[in-house]
Amino acid sequence: MTMVRIRGLHKSFGSLHVLRGVDLDVNRGDVLCIIGPSGSGKSTLLRCTNLLIYPDQGDIFIEDVKVNSREVRPEWVRQQIGMVFQQFNLFTHLTALRNVMLGLVRVKGMDAAAARSKAEFELERVGLAEKKDAYPAQLSGGQQQRVAIARALAMDPKVMLFDEPTSALDPEYIHEVLDVMKRLAEEGMTMMVVTHEMGFAKEVADSIIFFNQGQIVERGSPEEIFDRPGHERTKAFVGKILR
């Protein structure tokens with residue numbers, strides 16, 4: 001079953017045409033990795049998918065719901081589509097537990113006891129049960145990003161979007177975050193991942209798209225994209241990344 005369906009997506013910022021008619025399907029339980037040069041529109045694609053940015057033209061469906069319809073509340077959309085950013089965006093005055101609880105109480109309207117139980121479950125899921133009372137300043141970058149993942153998971157999303165989630169991390173902490181993402185993939189979470197971690201993409205992705213100048217240049221399996229790309233632009237990019 002198709003979980004995410006995007007048709008004819010366009011987005012401009014002033015005279016800069018960032019997305020140029022993107023068509024994309026992501027099946028339930030699949031991991032789609034999005035690679036390409038900086039400035040090609042990858043992050044804008046994710047942000048349009050969960051309506052942090054509204055597209056100028058085109059349709060976005062989660063299952064059978066057109067989410068960029070006037071009748072659909074953006075807050076509802078963001079409960080269906082979790083997002084993890086490059087920066088962790090945690091509240092520095094709240095513990096890890098309270099950071100995860102916040103959306104459950106304010107958005108979902110859960111009582112404090114239920115929200116606490118759910119938050120503890122999600123922190124354990126990302127390997128941080130023992131850090132629930134720590135503040136962000138007491139956590140490593142990898143731990144903070146895992147709290148951010150737990151916060152997104154707590155809303156029980158149907159899809160998880162990751163926008164270069166390891167790019168702000170020191171190398172020693174990258175594997176912590178990638179390991180959590182691998183486990184989510186094994187659990188069947190539908191994921192769209194913008195990444196420069198080609199090893200992760202090779203190992204975990206069901207399919208990869210190469211994105212350039214606001215368009216999907218090529219889509220294929222990891223083997224097709226990395227070992228035998230069909231488009232010259234893809235070949236040039238992969239050749240630089242993997243050499």
Pairs returned, first residue in segment 83-110 that is within 18 Å of LEU51 (Cα to Cα), second residue that is open to solvent by 80 Å² or more (accessible area, probe 1.4 Å), beta-carbon separation under 7 angstrom, 6 or more apart or interchain, are VAL107/GLU75
Output the number of residues of segment 37-67 satisfying the condition of being under 13 Å from VAL18 (Cβ atoms) and charged (D, E, K, R). 3
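Counting only residues that are open to solvent by less than 20 Å² (accessible area, probe 1.4 Å), give me the helices (runs of 4 or more DSSP H) lying completely in segment 70-169 with at least 3 of them.
Fully inside segment 70-169 and qualifying: 96-106, 112-125, 141-153.
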In segment 49-61, which residue that is in contact with a strand residue (DSSP E or B) (Cβ under 6 Å, 6 or more places away or on another chain) and hydrophobic (A, V, I, L, M, F, W, C) is farthest from LEU9 (Cα to Cα)? PHE61
If LEU45 satisfies all but one of (1) within 30 Å of TYR173 (Cα to Cα); (2) of a type in the set (A, V, I, L, M, F, W, C); (3) open to solvent by 10 Å² or more (accessible area, probe 1.4 Å), what's the number of the condition it fails? (3)
Criterion first (more than 25 Å from GLU187 (Cβ to Cβ), among the hydroxyl-bearing types (Ser, Thr, Tyr) and in contact with a strand residue (DSSP E or B) (Cβ under 6 Å, 6 or more places away or on another chain)) does THR95 satisfy it? no
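Could you tell me which of the residues HIS196, HIS175 is assigned to a loop (DSSP other than H, G, I, E, B) and of a type outside the set (Val, Ile, Thr)?
Values: HIS175 fails: assigned to a loop (DSSP other than H, G, I, E, B).
Answer to the check: HIS196.
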Select from segment 184-216 the residues that are in contact with a helix residue (DSSP H, G or I) (Cβ under 7 Å, 6 or more places away or on another chain) and without any contact (Cβ under 8 Å) to a residue 40 or more places away in the chain and list them in ascending order. GLU197, LYS202
Meets criteria (in contact with a strand residue (DSSP E or B) (Cβ under 8 Å, 6 or more places away or on another chain) and open to solvent by 40 Å² or more (accessible area, probe 1.4 Å)) for HIS231: yes
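The values are calculated or read from the model by the stated rules, or taken from the named source; none is laboratory data. Since this is a predicted model, take the numbers as computed values, not measurements. Note: ideal-geometry Cβ built from the backbone for every residue, glycine included; neighbour counts use all protein chains shown. Each accessible area value is taken on the protein alone, full model and side chains, heavy atoms only, with ligands, DNA and RNA left out. Shrake-Rupley method; radii C 1.70, N 1.55, O 1.52, S 1.80 Å.
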